[in-house]
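Q: Structure provided below as structure tokens; questions to follow.
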Amino acid sequence: MDIQSKTILRNKEILAVILQGTIKEYKGYSRKEIAEFIEANSITTEKEVSPGRINTQFRGDNAEFIHLNEKTSTFDLAFRAKNPQLSTETIEINLHIDVEPQKTYKPGYPIEKRGMYYLARRLSSQLSLAMEGTDYNQLEKCYGIWLCIDDIPPEDRYSISVYETINTENTALNEVAKENYDLMTLVVIKLGNKVYNGNKEDEGYELLRFLNAIMYPHKEDFMATVSEYIDFSENEELWKEAAHMGSWAEKIHQELKEEMREEVTNEVRNELIEEVRNEVTEKMTNEITEKVTNEVTEKVMNEITEKVTNEVTEKVTNEVTEMVTNRVVEQGIQAVIQDNLEEQVPKERIVNKLQKFFALTEEKSEFYYTKFAGKVF
């Protein structure tokens with residue numbers, strides 16, 4: 001898929017749509033005009049897009065950076081295109097552009113750092129080693145356009161970020177022309193969903209909608225969408241390439257869906273088996289738990305009932321015994337008081353006898369004497 005996407009991206013008609021939506025120097029120019037600005041022989045690859053087509057075999061400045069023992073870095077798609085704002089009838093000034101399709105936005109490092117590194121090398125590669133007589137007037141502006149597909153934060157999906165050099169502070173009387181320092185611009189385009197639901201009034205809508213079709217070519221409306229941007233009547237070979245890419249991507253997509261469907265079926269079956277197993281286990285556990293709970297509850301209730309019954313019985317027995325005892329004692333006290341009164345024994349002696357015979361206090365003896373002295377036994 002990566003190779004197929006890069007293959008179709010090498011066409012000037014495709015690149016023109018991307019440049020129209022990202023490069024400010026091309027603002028106001030049509031896609032056809034922008035396609036004419038691109039130097040067909042500057043794209044950094046020696047592989048022919050479609051064998052037999054005229055003026056489509058691209059050679060580059062230098063697709064690789066090689067100096068001494070430095071690591072080799074390769075551009076995905078680098079080329080030159082005319083800068084209409086600085087070019088004249090006698091002098092043509094170019095833009096050096098690098099288009100980098102990336103599967104992931106998070107490869108383990110900030111993609112923006114890599115983009116700025118590529119831009120710096122793209123700028124420095126325009127000159128040989130800095131030596132006496134090096135003409136820095138030859139340096140031309142560089143653009144890095146990175147198309148990131150996966151691992152995009154939800155809030156950043158389908159967005160365009162532009163990083164460029166600006167003069168933030170200047171105490172001098174004279175200003176330096178921007179084209180003398182604004183030599184590197186990084187554009188990071190983040191996709192992220194196979195479906196783009198943007199609105200026509202959204203900034204970058206046309207570009208994002210086009211890239212959504214190019215980067216996810218398996219959809220049924222692939223050719224219909226791309227045809228809105230490109231007139232295939234002037235490039236039949238490009239139409240064949242696009243149609244082949246769309247049908248090939250759809251076939252791969254269908255095969256992947258079949259594989260996923262089979263995997264999902266197996267997964268669902270395993271989930272059902274696990275679900276049934278869990279239900280059976282839960283039911284058995286509930287039944288066992290209920291049985292054990294009932295047995296334990298019955299045993300506990302019996303023990304509690306027995307304990308409560310014993311406690312109640314003991315308490316009632318003690319209370320009845322105490323009550324009977326008190327009644328008998330009171331009857332004895334009453335008899336003593338009545339007998340002594342019949343024999344005309346003085347009160348003081350009767351009270352003393354109660355204290356002696358019944359172990360009462362003087363106060364309690366006085367209480368009983370008052371209570372029973374006037375009653376007939």
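The values are calculated or read from the model by the stated rules, or taken from the named source; none is laboratory data. Given the structure is predicted, the values throughout are model-derived calculations rather than measurements. Here the Cβ positions follow ideal geometry from the backbone for every residue, glycine too, while neighbour counts run over all protein chains shown. Areas reflect the complete protein model, heavy atoms only, side chains present, ligands, DNA and RNA absent. Shrake-Rupley method; radii C 1.70, N 1.55, O 1.52, S 1.80 Å.
Q: Which one of 83, 11 is within 28 Å of residue 159 (Cβ to Cβ), at pLDDT below 90 and of a type outside the set (Lys, Arg)?
A: 11
Q: Does segment 91-114 contain at least one residue that is among the β-branched types (Val, Ile, Thr), open to solvent by 50 Å² or more (accessible area, probe 1.4 Å) and under 30 Å from residue 11 (Cβ atoms)?
A: yes
Q: OK, next. Within segment 339-358, is there a residue that is free of Cβ contacts under 8 Å to residues at least 24 places away in the same chain, among the charged types (D, E, K, R) and assigned to a loop (DSSP other than H, G, I, E, B)?
A: Within segment 339-358, one or more residues are free of Cβ contacts under 8 Å to residues at least 24 places away in the same chain, among the charged types (D, E, K, R) and assigned to a loop (DSSP other than H, G, I, E, B).
Q: For segment 174-231: of the residues being modelled with pLDDT under 95 and among the basic types (Lys, Arg), which is farthest from the chain's Cα centre (by Cα)?
A: 178
Q: Looking at segment 183-214 only, could you name the residues that are in contact with a strand residue (DSSP E or B) (Cβ under 6 Å, 6 or more places away or on another chain) and either open to solvent by 10 Å² or more (accessible area, probe 1.4 Å) or under 30 Å from residue 139 (Cα atoms) (or both)?
A: Answer for segment 183-214, where residues must be in contact with a strand residue (DSSP E or B) (Cβ under 6 Å, 6 or more places away or on another chain) and either open to solvent by 10 Å² or more (accessible area, probe 1.4 Å) or under 30 Å from residue 139 (Cα atoms) (or both): 184, 185, 186, 187, 188, 189, 190, 204.
Q: Something else about it: Looking at this structure, is residue 226 in a loop (DSSP other than H, G, I, E, B) and either aliphatic (A, V, I, L, M) or open to solvent by less than 10 Å² (accessible area, probe 1.4 Å) (or both)?
A: So residue 226 does not fit the description; no.
Q: Okay, next question. Name the residue, out of 214, 160, 152, 145, that is over 24 Å from residue 16 (Cα atoms) and in contact (Cβ under 8 Å) with a residue 24 or more places away in the chain.
A: So the residue among 214, 160, 152, 145 that is over 24 Å from residue 16 (Cα atoms) and in contact (Cβ under 8 Å) with a residue 24 or more places away in the chain is 152.
Q: Let me ask something else about it. Please go through segment 82-113 and pick out each residue that is in a helix (DSSP H, G or I) and without any contact (Cβ under 8 Å) to a residue 24 or more places away in the chain.
A: Across segment 82-113, the qualifying residue is only 113.
The rows are residues; the columns are (1) among the acidic types (Asp, Glu); (2) touching a helix residue (DSSP H, G or I) at 6+ places or on another chain (Cβ under 9 Å); (3) within 23 Å of residue 84 (Cα to Cα); (4) part of a strand (DSSP E or B).
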position: 117; (1), (2), (3), (4): no, no, no, no
position: 145; (1), (2), (3), (4): no, yes, yes, yes
position: 155; (1), (2), (3), (4): yes, no, no, no
position: 160; (1), (2), (3), (4): no, yes, no, yes
position: 163; (1), (2), (3), (4): no, yes, yes, yes
position: 172; (1), (2), (3), (4): no, no, no, no
position: 176; (1), (2), (3), (4): no, no, yes, no
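Q: If residue 137 passes every condition in (1) open to solvent by 40 Å² or more (accessible area, probe 1.4 Å); (2) within 18 Å of residue 85 (Cβ to Cβ); (3) part of a strand (DSSP E or B) but one, which one does it miss?
A: (3)
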